[in-house]
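What follows is a single structure, written as structure tokens, with notes after it.
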Amino acid sequence: MRLLYHVWNALGALEAYQYLISAGIDVSYFIYEVKDTEEREYSKEEHYNLITSELNKKSYDAVSSWNYYSVDAVVCHENHSPYIAWVYDCPLAAALS
């Protein structure tokens, strides 16, 4: 399985990434960090463009992230690619509303 993993500044995200590797999964990653959703430093357009670009670089079986990102889900839907989110919480729910 070839997986594209969304890395960001969350507790547990690195451990999940390391587990995927130890499970023998071929994992590539892209980094999009959310620093402060309250001050709107988060850019849906920038995030959308980054994941779209990364998804088009190789053939992936799925995209995964620690916690759910609606932008990741939208891009996956548009590209007919499965999206797998390990949901601990949903930190961007307020920012994306």
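How many residues are open to solvent by less than 30 Å² (accessible area, probe 1.4 Å) and either assigned to a helix (DSSP H, G or I) or in contact with an Asp or Glu (Cβ under 6 Å, 6 or more places away or on another chain) (or both) when one looks only at the range 68-87?
Looking only at that region, the number is 5.
Return the residue satisfying two criteria in turn: it lies in the range 1-50 and is at pLDDT below 90 and among the acidic types (Asp, Glu), and of such residues it is farthest from Val74 (Cα to Cα).
Glu15
In the range 10-29, which residue that is part of a loop (DSSP other than H, G, I, E, B) and of a type in the set (A, V, I, L, M, F, W, C) is most open to solvent (accessible area, probe 1.4 Å)?
Leu11
Which condition from (1) over 13 Å from the mean Cα position of the chain (by Cα); (2) at pLDDT below 85; (3) among the aliphatic types (A, V, I, L, M) is the one that Val87 breaks?
All conditions pass for Val87, except number (1).
Looking at the range 60-71, I want the residues that are in contact (Cβ under 8 Å) with a residue 12 or more places away in the chain and have a partner that is open to solvent by less than 10 Å² (accessible area, probe 1.4 Å) and assigned to a loop (DSSP other than H, G, I, E, B) with Cβ atoms under 9 Å, at least 6 apart or on another chain. Which pairs are those?
Note: pairs meeting the criteria are Asn67/Leu92; Tyr68/Leu92; Tyr69/Leu92; Ser70/Leu92; Val71/Leu92.
The values are calculated or read from the model by the stated rules, or taken from the named source; none is laboratory data. Remember, it's a predicted structure, so these values are computed and weren't measured experimentally. Note that each Cβ is placed from the backbone with ideal geometry, even for glycine, and that neighbours are counted across all protein chains shown. Accessible surface areas use protein heavy atoms only, side chains included; no ligands, DNA or RNA. Shrake-Rupley method; radii C 1.70, N 1.55, O 1.52, S 1.80 Å.
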